[in-house]
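A.B. asks: Please read through the structure below; I'll follow up with questions.
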Amino acid sequence: MEKRVVFRSAWLPYALVAPQIAVTIVFFFWPAVQAFWFSFQIQDAFGLRTEFVGLQNFGVLFHDQNYLRSFQITAMFSVLVAGSGIAISLLLATMADRVVRGALAYKTLLIWPYAVAPAVAGVLWAFLFAPSVGIVTYALRRAGVDWDWALQGDQAMLLVVVAATWKQISYNFLFFLAGLQSIPRSLIEAAAIDGAGPARRFWTIVFPLLSPTTFFLLVVNIVYAFFETFGVIDAITGGGPAGATNILVYKVYYDGVKAADLGGSSAQSVILMIIVVALTVVQFRFVERKVQY
Amino acid sequence: MVEHRPWLNFIAHAVLIAGIAVIGFPLYVTFVASTLTLDQILNVPMPLTPGSHLWENYSQALLAGPRSARPPRSAA
(Lines give C-alpha, C1' and ligand atoms only; values in the text may rest on other atoms or scores of the structure.)
Protein backbone atom coordinates (compact mmCIF):
# COMPACT_ATOMS: atom_id res chain seq x y z
CA MET A 1 0.00 0.00 0.00
CA GLU A 2 2.26 2.75 -1.15
CA LYS A 3 0.73 6.17 -1.19
CA ARG A 4 3.32 8.16 -3.07
CA VAL A 5 2.34 10.88 -5.44
CA VAL A 6 4.38 10.63 -8.63
CA PHE A 7 4.62 12.78 -11.69
CA ARG A 8 3.55 11.05 -14.87
CA SER A 9 5.45 13.44 -17.07
CA ALA A 10 9.08 12.55 -17.68
CA TRP A 11 10.46 16.10 -17.75
CA LEU A 12 8.25 18.00 -15.29
CA PRO A 13 10.08 16.92 -12.08
CA TYR A 14 13.39 17.94 -13.55
CA ALA A 15 11.97 21.28 -14.65
CA LEU A 16 10.68 21.88 -11.12
CA VAL A 17 14.01 21.24 -9.41
CA ALA A 18 15.99 22.95 -12.17
CA PRO A 19 15.98 26.45 -10.57
CA GLN A 20 17.42 25.14 -7.32
CA ILE A 21 20.03 23.07 -9.08
CA ALA A 22 20.93 26.03 -11.27
CA VAL A 23 21.40 28.24 -8.21
CA THR A 24 23.53 25.60 -6.51
CA ILE A 25 25.70 25.13 -9.58
CA VAL A 26 26.17 28.83 -10.28
CA PHE A 27 26.72 29.98 -6.70
CA PHE A 28 28.37 26.95 -5.12
CA PHE A 29 29.85 24.42 -7.52
CA TRP A 30 31.17 26.89 -10.03
CA PRO A 31 33.14 29.00 -7.49
CA ALA A 32 34.33 25.86 -5.72
CA VAL A 33 35.61 24.33 -8.95
CA GLN A 34 37.12 27.67 -9.90
CA ALA A 35 38.98 27.88 -6.59
CA PHE A 36 40.14 24.32 -7.01
CA TRP A 37 41.44 25.12 -10.51
CA PHE A 38 43.10 28.38 -9.42
CA SER A 39 44.88 26.57 -6.62
CA PHE A 40 46.99 24.73 -9.21
CA GLN A 41 48.04 27.91 -10.98
CA ILE A 42 50.23 30.93 -10.43
CA GLN A 43 48.91 34.26 -11.65
CA ASP A 44 50.99 37.37 -12.03
CA ALA A 45 49.77 40.36 -10.04
CA PHE A 46 48.10 42.01 -13.02
CA GLY A 47 46.15 38.93 -14.10
CA LEU A 48 47.79 38.89 -17.51
CA ARG A 49 49.40 35.47 -17.43
CA THR A 50 48.67 32.26 -15.61
CA GLU A 51 50.85 29.23 -15.37
CA PHE A 52 49.92 25.72 -14.33
CA VAL A 53 52.17 24.64 -11.46
CA GLY A 54 50.50 21.54 -10.05
CA LEU A 55 50.81 21.27 -6.28
CA GLN A 56 53.44 23.96 -5.90
CA ASN A 57 51.03 26.39 -4.18
CA PHE A 58 50.28 23.80 -1.51
CA GLY A 59 53.96 22.99 -1.09
CA VAL A 60 54.78 26.65 -0.59
CA LEU A 61 51.98 27.00 1.96
CA PHE A 62 53.16 24.18 4.14
CA HIS A 63 56.63 25.63 4.24
CA ASP A 64 55.32 29.09 5.04
CA GLN A 65 55.80 29.93 8.72
CA ASN A 66 53.02 32.51 8.56
CA TYR A 67 50.56 29.93 7.30
CA LEU A 68 51.48 27.38 9.94
CA ARG A 69 51.22 30.09 12.58
CA SER A 70 47.81 31.02 11.19
CA PHE A 71 46.72 27.41 11.74
CA GLN A 72 47.77 27.59 15.37
CA ILE A 73 46.06 30.94 15.82
CA THR A 74 42.86 29.62 14.25
CA ALA A 75 42.90 26.53 16.43
CA MET A 76 43.38 28.54 19.61
CA PHE A 77 40.84 31.15 18.53
CA SER A 78 38.12 28.64 17.70
CA VAL A 79 38.68 26.57 20.84
CA LEU A 80 38.47 29.70 23.00
CA VAL A 81 35.42 31.10 21.19
CA ALA A 82 33.51 27.81 21.15
CA GLY A 83 34.51 26.82 24.68
CA SER A 84 33.81 30.08 26.45
CA GLY A 85 30.70 30.76 24.38
CA ILE A 86 29.20 27.38 25.25
CA ALA A 87 30.19 27.55 28.93
CA ILE A 88 28.82 31.04 29.50
CA SER A 89 25.57 30.47 27.64
CA LEU A 90 25.00 27.13 29.38
CA LEU A 91 25.41 28.87 32.74
CA LEU A 92 23.01 31.65 31.74
CA ALA A 93 20.48 29.25 30.22
CA THR A 94 20.50 27.06 33.33
CA MET A 95 19.87 30.09 35.48
CA ALA A 96 17.21 31.46 33.15
CA ASP A 97 15.49 28.08 33.19
CA ARG A 98 15.32 28.26 36.97
CA VAL A 99 13.93 31.73 37.57
CA VAL A 100 10.23 32.40 37.29
CA ARG A 101 9.92 36.08 38.02
CA GLY A 102 11.30 38.32 35.27
CA ALA A 103 12.17 35.34 33.06
CA LEU A 104 10.83 37.01 29.91
CA ALA A 105 12.84 40.18 30.52
CA TYR A 106 16.05 38.22 31.10
CA LYS A 107 15.56 36.14 27.96
CA THR A 108 14.77 39.16 25.81
CA LEU A 109 17.83 41.08 26.98
CA LEU A 110 20.14 38.11 26.52
CA ILE A 111 19.03 37.61 22.91
CA TRP A 112 19.92 41.16 21.90
CA PRO A 113 23.48 40.70 20.62
CA TYR A 114 22.18 38.26 18.03
CA ALA A 115 20.61 41.22 16.22
CA VAL A 116 24.00 42.89 15.81
CA ALA A 117 25.95 42.26 12.60
CA PRO A 118 29.48 40.81 13.08
CA ALA A 119 31.19 43.88 11.65
CA VAL A 120 29.12 46.16 13.88
CA ALA A 121 29.93 43.97 16.89
CA GLY A 122 33.59 44.38 15.99
CA VAL A 123 33.27 48.15 15.85
CA LEU A 124 31.46 48.20 19.22
CA TRP A 125 34.24 46.29 20.95
CA ALA A 126 37.00 48.18 19.16
CA PHE A 127 35.36 51.35 20.42
CA LEU A 128 35.09 50.11 24.01
CA PHE A 129 38.68 48.90 24.10
CA ALA A 130 40.25 51.54 21.84
CA PRO A 131 43.82 52.13 23.02
CA SER A 132 43.32 55.90 23.08
CA VAL A 133 39.72 56.73 24.00
CA GLY A 134 38.07 53.45 25.02
CA ILE A 135 36.11 53.53 28.25
CA VAL A 136 37.25 50.03 29.24
CA THR A 137 40.82 50.93 28.36
CA TYR A 138 40.50 53.82 30.78
CA ALA A 139 39.25 51.53 33.54
CA LEU A 140 41.99 48.98 32.87
CA ARG A 141 44.70 51.63 32.94
CA ARG A 142 43.32 52.88 36.24
CA ALA A 143 43.54 49.31 37.53
CA GLY A 144 47.17 49.13 36.47
CA VAL A 145 46.82 47.01 33.31
CA ASP A 146 48.93 48.11 30.39
CA TRP A 147 46.22 47.71 27.78
CA ASP A 148 47.11 48.35 24.16
CA TRP A 149 45.92 45.67 21.77
CA ALA A 150 47.24 47.63 18.82
CA LEU A 151 50.72 46.69 20.00
CA GLN A 152 50.31 43.49 22.01
CA GLY A 153 49.24 40.37 20.16
CA ASP A 154 47.86 38.52 23.19
CA GLN A 155 45.55 41.37 24.04
CA ALA A 156 44.37 41.67 20.45
CA MET A 157 43.60 37.95 20.51
CA LEU A 158 41.72 38.31 23.77
CA LEU A 159 39.70 41.18 22.35
CA VAL A 160 38.61 39.38 19.17
CA VAL A 161 37.78 36.27 21.21
CA VAL A 162 35.61 38.33 23.55
CA ALA A 163 33.87 40.11 20.67
CA ALA A 164 33.26 36.90 18.72
CA THR A 165 32.01 35.09 21.83
CA TRP A 166 29.73 37.97 22.76
CA LYS A 167 28.17 37.76 19.33
CA GLN A 168 27.50 34.04 19.62
CA ILE A 169 26.25 33.78 23.23
CA SER A 170 22.67 34.62 22.28
CA TYR A 171 22.47 31.86 19.72
CA ASN A 172 23.86 29.25 22.11
CA PHE A 173 21.61 30.54 24.86
CA LEU A 174 18.47 30.03 22.75
CA PHE A 175 19.40 26.45 21.90
CA PHE A 176 20.35 25.58 25.48
CA LEU A 177 17.15 27.07 26.83
CA ALA A 178 15.07 25.08 24.34
CA GLY A 179 17.05 21.95 25.25
CA LEU A 180 16.56 22.53 28.98
CA GLN A 181 12.84 23.05 28.57
CA SER A 182 12.46 19.81 26.68
CA ILE A 183 13.90 17.75 29.56
CA PRO A 184 10.99 15.95 31.26
CA ARG A 185 10.18 17.48 34.66
CA SER A 186 9.36 14.04 36.03
CA LEU A 187 12.99 12.92 35.77
CA ILE A 188 14.21 15.91 37.73
CA GLU A 189 11.48 15.55 40.33
CA ALA A 190 12.23 11.85 40.75
CA ALA A 191 15.89 12.66 41.37
CA ALA A 192 14.91 15.36 43.85
CA ILE A 193 12.72 12.90 45.76
CA ASP A 194 15.71 10.53 45.87
CA GLY A 195 17.63 13.30 47.58
CA ALA A 196 19.80 14.68 44.76
CA GLY A 197 20.68 18.33 45.19
CA PRO A 198 20.61 20.88 42.33
CA ALA A 199 24.28 20.44 41.38
CA ARG A 200 24.06 16.66 41.35
CA ARG A 201 20.85 16.74 39.33
CA PHE A 202 22.52 19.01 36.82
CA TRP A 203 25.57 16.83 36.26
CA THR A 204 23.87 13.43 36.34
CA ILE A 205 20.58 14.19 34.56
CA VAL A 206 20.39 17.56 32.87
CA PHE A 207 23.86 17.69 31.36
CA PRO A 208 23.77 14.19 29.79
CA LEU A 209 20.30 14.85 28.39
CA LEU A 210 21.55 18.11 26.92
CA SER A 211 24.47 16.45 25.18
CA PRO A 212 22.89 16.40 21.69
CA THR A 213 22.35 20.16 21.98
CA THR A 214 25.85 20.70 23.34
CA PHE A 215 27.45 18.71 20.57
CA PHE A 216 25.44 20.44 17.87
CA LEU A 217 26.44 23.81 19.33
CA LEU A 218 30.07 22.74 19.55
CA VAL A 219 30.22 22.04 15.84
CA VAL A 220 28.23 25.13 14.90
CA ASN A 221 30.43 27.31 17.13
CA ILE A 222 33.65 25.95 15.71
CA VAL A 223 32.42 26.56 12.18
CA TYR A 224 31.34 30.03 13.31
CA ALA A 225 34.79 30.72 14.74
CA PHE A 226 36.44 29.45 11.57
CA PHE A 227 34.43 31.45 9.05
CA GLU A 228 31.87 33.91 10.32
CA THR A 229 34.23 35.81 12.60
CA PHE A 230 35.77 37.41 9.54
CA GLY A 231 33.71 40.57 10.10
CA VAL A 232 34.79 40.84 13.74
CA ILE A 233 38.47 40.40 12.90
CA ASP A 234 38.34 42.77 9.95
CA ALA A 235 36.58 45.47 11.96
CA ILE A 236 38.80 45.23 15.04
CA THR A 237 42.35 44.23 14.19
CA GLY A 238 42.55 43.52 10.47
CA GLY A 239 44.62 40.44 11.36
CA GLY A 240 47.18 42.42 13.29
CA PRO A 241 49.25 43.30 15.22
CA ALA A 242 51.98 41.45 13.32
CA GLY A 243 49.56 38.70 12.32
CA ALA A 244 48.57 37.85 15.90
CA THR A 245 44.87 37.53 14.97
CA ASN A 246 45.36 36.44 11.39
CA ILE A 247 42.99 33.46 11.28
CA LEU A 248 42.84 31.24 8.20
CA VAL A 249 39.77 32.78 6.62
CA TYR A 250 41.19 36.26 7.07
CA LYS A 251 44.45 35.17 5.49
CA VAL A 252 42.53 33.79 2.48
CA TYR A 253 40.92 37.17 2.03
CA TYR A 254 44.10 39.09 2.62
CA ASP A 255 46.30 37.04 0.30
CA GLY A 256 43.70 36.89 -2.45
CA VAL A 257 42.20 40.38 -2.39
CA LYS A 258 44.88 42.59 -0.87
CA ALA A 259 48.05 40.79 -1.93
CA ALA A 260 46.63 39.64 -5.30
CA ASP A 261 48.05 36.14 -4.90
CA LEU A 262 45.09 34.27 -6.36
CA GLY A 263 46.81 30.91 -6.57
CA GLY A 264 48.02 30.84 -2.98
CA SER A 265 44.70 32.17 -1.72
CA SER A 266 42.80 29.52 -3.67
CA ALA A 267 45.03 26.81 -2.29
CA GLN A 268 44.23 28.06 1.20
CA SER A 269 40.51 28.08 0.52
CA VAL A 270 40.70 24.53 -0.84
CA ILE A 271 42.35 23.50 2.43
CA LEU A 272 39.62 25.32 4.34
CA MET A 273 36.98 23.51 2.30
CA ILE A 274 38.55 20.21 3.27
CA ILE A 275 38.50 21.25 6.93
CA VAL A 276 34.77 22.10 6.70
CA VAL A 277 34.00 18.78 5.09
CA ALA A 278 35.97 16.99 7.79
CA LEU A 279 34.14 18.88 10.53
CA THR A 280 30.78 18.09 8.96
CA VAL A 281 31.62 14.41 8.70
CA VAL A 282 32.72 14.37 12.34
CA GLN A 283 29.50 16.06 13.32
CA PHE A 284 27.26 13.54 11.60
CA ARG A 285 29.22 10.50 12.69
CA PHE A 286 29.46 11.67 16.24
CA VAL A 287 25.93 12.98 16.63
CA GLU A 288 24.42 9.83 15.21
CA ARG A 289 26.53 7.35 17.12
CA LYS A 290 27.39 8.75 20.47
CA VAL A 291 24.96 11.36 21.58
CA GLN A 292 21.51 10.06 20.73
CA TYR A 293 19.61 8.28 23.46
CA MET B 1 10.56 24.60 40.84
CA VAL B 2 11.31 21.25 42.31
CA GLU B 3 12.17 22.44 45.78
CA HIS B 4 12.22 25.71 47.62
CA ARG B 5 15.76 27.09 47.84
CA PRO B 6 15.72 30.85 48.22
CA TRP B 7 19.51 31.25 48.08
CA LEU B 8 19.66 29.40 44.76
CA ASN B 9 17.01 31.65 43.27
CA PHE B 10 18.99 34.61 44.50
CA ILE B 11 22.14 33.29 42.82
CA ALA B 12 20.22 32.65 39.60
CA HIS B 13 18.96 36.24 39.53
CA ALA B 14 22.41 37.58 40.39
CA VAL B 15 24.10 35.58 37.62
CA LEU B 16 21.50 36.65 35.07
CA ILE B 17 21.74 40.30 36.03
CA ALA B 18 25.53 40.18 35.91
CA GLY B 19 25.40 38.45 32.53
CA ILE B 20 23.02 41.00 31.12
CA ALA B 21 25.12 43.84 32.50
CA VAL B 22 28.22 42.53 30.73
CA ILE B 23 26.41 41.59 27.53
CA GLY B 24 24.42 44.81 27.37
CA PHE B 25 27.29 47.11 28.27
CA PRO B 26 28.71 47.53 24.73
CA LEU B 27 25.25 48.28 23.37
CA TYR B 28 24.59 50.77 26.16
CA VAL B 29 27.92 52.56 25.72
CA THR B 30 27.33 52.77 21.98
CA PHE B 31 23.91 54.26 22.54
CA VAL B 32 25.31 56.79 25.01
CA ALA B 33 28.09 57.66 22.57
CA SER B 34 25.48 58.25 19.89
CA THR B 35 24.02 61.04 22.02
CA LEU B 36 27.32 62.85 22.60
CA THR B 37 29.48 65.13 20.54
CA LEU B 38 32.82 63.91 19.22
CA ASP B 39 34.60 66.19 21.67
CA GLN B 40 32.80 64.63 24.62
CA ILE B 41 33.74 61.12 23.47
CA LEU B 42 37.39 62.02 22.91
CA ASN B 43 37.59 63.59 26.35
CA VAL B 44 38.66 60.44 28.22
CA PRO B 45 36.80 59.06 30.11
CA MET B 46 33.61 59.69 28.19
CA PRO B 47 30.48 60.22 30.28
CA LEU B 48 28.26 57.17 30.84
CA THR B 49 24.97 59.00 30.87
CA PRO B 50 23.20 60.03 27.66
CA GLY B 51 23.95 63.53 26.40
CA SER B 52 21.83 65.98 24.51
CA HIS B 53 22.98 65.50 20.90
CA LEU B 54 20.88 62.49 19.98
CA TRP B 55 18.80 64.20 17.31
CA GLU B 56 21.79 65.96 15.83
CA ASN B 57 23.84 62.75 15.46
CA TYR B 58 21.04 60.62 14.08
CA SER B 59 19.92 63.17 11.52
CA GLN B 60 23.55 63.58 10.50
CA ALA B 61 23.92 59.83 10.06
CA LEU B 62 20.63 59.39 8.20
CA LEU B 63 20.64 62.47 6.00
CA ALA B 64 24.19 63.70 5.54
CA GLY B 65 26.66 60.86 6.06
CA PRO B 66 29.71 60.57 8.28
CA ARG B 67 31.73 63.61 9.07
CA SER B 68 34.65 62.17 11.01
CA ALA B 69 37.09 59.32 10.93
CA ARG B 70 36.36 55.69 11.72
CA PRO B 71 37.25 54.24 15.14
CA PRO B 72 40.97 53.71 15.64
CA ARG B 73 42.41 50.52 14.23
CA SER B 74 45.83 49.22 13.54
CA ALA B 75 47.35 48.17 10.27
CA ALA B 76 47.65 44.46 9.63
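The values are calculated or read from the model by the stated rules, or taken from the named source; none is laboratory data. Bear in mind the structure is a predicted one, so any value in this text is a computation, not a measurement. Here the Cβ is made from the backbone with ideal geometry for all residues, glycine too, and neighbour counts use every protein chain on show.
A.B. asks: Within region B:24-46, which residues are more than 9 Å from every other protein chain (Cβ to nearest Cβ), surrounded by fewer than 18 Cβ atoms within 10 Å (Cβ to Cβ) and without any contact (Cβ under 8 Å) to a residue 24 or more places away in the chain?
C.D. replies: B:28, B:31, B:37, B:39, B:40 - these are the residues of region B:24-46 that are more than 9 Å from every other protein chain (Cβ to nearest Cβ), surrounded by fewer than 18 Cβ atoms within 10 Å (Cβ to Cβ) and without any contact (Cβ under 8 Å) to a residue 24 or more places away in the chain.
A.B. asks: Within region A:105-120, track down each residue that is more than 13 Å from residue B:17 (Cα to Cα) and more than 8 Å from every other protein chain (Cβ to nearest Cβ).
C.D. replies: Here is the first cut: in region A:105-120, the residues more than 13 Å from residue B:17 (Cα to Cα) are A:111-120.
Matches in region A:105-120: A:111, A:114, A:115, A:117, A:118, A:119, A:120.
A.B. asks: From the list A:80, A:92, which residue is closer than 21 Å to residue A:213 by Cα, modelled with pLDDT of 90 or more and buried (at least 21 other Cβ atoms within 10 Å of the Cβ)? If you could, list the steps in order and put the result at the bottom.
C.D. replies: Numbers: A:80 fails: buried (at least 21 other Cβ atoms within 10 Å of the Cβ).
Criteria check complete, one pass: A:92.
A.B. asks: Could you tell me whether any residue of region A:180-191 is part of a loop (DSSP other than H, G, I, E, B), among the polar types (S, T, N, Q) and more than 11 Å from chain B (Cβ to nearest Cβ)? Step through it out loud before you land on a result.
C.D. replies: Residues of region A:180-191 part of a loop (DSSP other than H, G, I, E, B): A:182-184.
Add one more test, that the residue is among the polar types (S, T, N, Q), and what stays is A:182.
Still in the running and more than 11 Å from chain B (Cβ to nearest Cβ): A:182.
Looking for residues that are part of a loop (DSSP other than H, G, I, E, B), among the polar types (S, T, N, Q) and more than 11 Å from chain B (Cβ to nearest Cβ), one finds at least one in region A:180-191, hence yes.
A.B. asks: I would also like to ask the following. Quick check on this structure: which one of A:234, A:255 is buried (at least 17 other Cβ atoms within 10 Å of the Cβ), part of a helix (DSSP H, G or I) and modelled with pLDDT under 85? Give the derivation first.
C.D. replies: Working: A:234 fails: modelled with pLDDT under 85.
Only one candidate passes the filter, namely A:255.
A.B. asks: Within region A:131-152, is even one residue under 15 Å from residue B:23 (Cα atoms), among the aliphatic types (A, V, I, L, M), under 27 Å from the mean Cα position of the chain (by Cα) and not in a loop (DSSP other than H, G, I, E, B)?
C.D. replies: We begin by selecting, within region A:131-152, every residue under 15 Å from residue B:23 (Cα atoms); these are A:136.
Next cut, among the aliphatic types (A, V, I, L, M) only: A:136.
The next check asks that each one be under 27 Å from the mean Cα position of the chain (by Cα); those that pass are A:136.
From what is left, the residues that are not in a loop (DSSP other than H, G, I, E, B) are A:136.
Scanning region A:131-152 turns up at least one residue that is under 15 Å from residue B:23 (Cα atoms), among the aliphatic types (A, V, I, L, M), under 27 Å from the mean Cα position of the chain (by Cα) and not in a loop (DSSP other than H, G, I, E, B).
A.B. asks: Select from region A:231-259 the residues that are hydrophobic (A, V, I, L, M, F, W, C), within 24 Å of residue A:57 (Cα to Cα) and in contact with a Phe, Trp or Tyr (Cβ under 8 Å, 6 or more places away or on another chain) and write down the one among them that is nearest to the other protein chains (Cβ to nearest Cβ). First the steps, then the outcome.
C.D. replies: So the first thing to find is which residues in region A:231-259 are hydrophobic (A, V, I, L, M, F, W, C), and the list is A:232-233, A:235-236, A:242, A:244, A:247-249, A:252, A:257, A:259.
If we keep only those that are within 24 Å of residue A:57 (Cα to Cα) too, we end up with A:242, A:244, A:247-249, A:252, A:257, A:259.
Retained after the next criterion (residues that are in contact with a Phe, Trp or Tyr (Cβ under 8 Å, 6 or more places away or on another chain)): A:247-249.
Numbers: A:247: 12, A:248: 15, A:249: 14 Å.
In this case the residue turns out to be A:247.
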